[in-house]
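Engineer: Could you have a look at this structure, given as structure tokens, before my questions?
Just so it is clear, none of the values below were taken in a lab; they were calculated from the coordinates. Quantities reported herein were computed from a predicted structural model and do not represent experimental measurements. Note that each Cβ is placed from the backbone with ideal geometry, even for glycine, and that neighbours are counted across all protein chains shown.
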Amino acid sequence: MNWDDLRIIAAVRDEGTYAGASARLRIDETTVGRRLARIERALGLRLFEAIDGLRRPTRQCEMVLAHVQAMATHADEIGRIGASLPGPVGRLRIASTNAVAEEVLAPRAAEFLETHPGVTLQLLTSSENVKFSRWEADLAIRLRKPDKGDFAISKLAEVRLYFFEPAAAAEREPVACVYPDELEGIPEMQFLRARRIRARCVTDNVRVIRTLIQSHRAAGVLPEHSCAPLLADRRLRATLLPKRRDVWLLVQNHLKRDAAARVTIEWVRACFQDAARG
């Protein structure tokens, strides 16, 4: 059953005529009659009888109207949910890599959601970019700036990068961890190529690289938000790269003035600022 059609039944019952229901719902009178006829065919019931120039509900119609009234009550209650919550209300889908979601957003998400009880976050994590132009996400955090798109693009952060290698000399060359060829333009890969490091492990998963580095038998580059424990490890030597990694925020255009989106964007920016401070 279409909820708009069911509302027409209640309007005809209350007003007594198609014309009255038409004026109340602000739709054409012929539309009222046509949609009522459609409901009667679907239900196999006669809903109204013409008595003394008015439309009177049949017994079966009264049974239908009891359910319509219950649905209207629930609809009103749903509409009041947002009004009962302090602050902005909305559900935002944020697309990012696993590392950003786990190490930048997640540690700070609980406090944000407690502060904004009307906001719900859905974190979409993948090493592949979501199709932002197809509305698969509301916000997206990208490690490379898109060439173009019908959405708002702004720089979110400049992330420091560290090259880690075993501090002590070893008989064997450490296992070199590099990123896939499709990421050859990123500062991490530019640095590794300049060092003429031979790739031994290829992955776009920073957790895998970090785990290998923690074995003290591997070398690789990690963003600052993924390497706090490594910087304190005296068995590792850390070199700060001269270039930083730009991080970009994509926002669907229709959300520019949305209150829930605005507080979420501010929170995402704060998450990266906190991660940069350590």
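Engineer: Restrict the search to segment 103-205; then list the GluC sites (Glu not before Pro) that DSSP places in a loop and that have at most 11 other Cβ atoms within 10 Å of their Cβ. Display every interim value, and only then the final one.
Structural biologist: Details: sites: 103, 111, 114, 128, 136, 158, 171, 182, 184, 188; in loops: 128, 136, 171, 184.
Here the GluC sites (Glu not before Pro) that fit, given the DSSP loop and packing criteria, are 128, 171.
Engineer: Where in the chain are the DSSP H helices whose alpha-carbon span along the long axis reaches 20 Å or more and whose Kyte-Doolittle mean is at least 0.0? Write down the numbers at each step before the final one.
Structural biologist: Details: long enough: 29-43 (22 Å, -0.46); 59-84 (38 Å, 0.05); 259-277 (27 Å, 0.18).
Membrane-span-like by this criterion, though nothing is claimed about a membrane: 59-84, 259-277.
Engineer: For segment 161-243, taking Cα atoms only, what is the radius of gyration to one decimal and the Dmax to the nearest whole Å?
Structural biologist: Just the Cα atoms of segment 161-243 yield Rg and Dmax of 11.6, 33 Å.
Engineer: From the list (1) 51, 50, 34; (2) 103, 35, 29; (3) 56, 38, 33, can you say which value of Cα extents along the principal axes in Å was derived from the structure given?
Structural biologist: Entry (2).
Engineer: Using only DSSP helix segments of four residues or longer, with each worth -39500 (n - 2.57), what per-residue ellipticity at 222 nm results for the chain after dividing by its residue count and rounding to 500? Kindly include the intermediate steps, with their values, before the conclusion.
Structural biologist: On the way: 9 runs with 112 residues, N = 278.
That comes out to -12500 deg cm²/dmol.
Engineer: Using every Cα-Cα pair within segment 3-84, state what percent have a distance larger than 20 Å. If you can, show how the numbers build up before the last one.
Structural biologist: Values: 1100 of 3321 pairs.
For segment 3-84, the fraction of Cα-Cα distances above 20 Å is 33 percent.
Engineer: Antiparallel versus total DSSP beta bridges in the chain: what percent is that, nearest 5?
Structural biologist: On the way: 25 of 38 bridges.
In the chain, approximately 65 percent of DSSP beta bridges are antiparallel ones.
Engineer: Could you list the trypsin sites (Lys or Arg not before Pro) in segment 1-90 that lie in coil according to DSSP, counting only those with at most 16 other Cβ atoms within 10 Å of their Cβ?
Structural biologist: In loop regions of segment 1-90 (DSSP not H, G, I, E or B), the sparsely surrounded trypsin sites (Lys or Arg not before Pro) are 26, 46.
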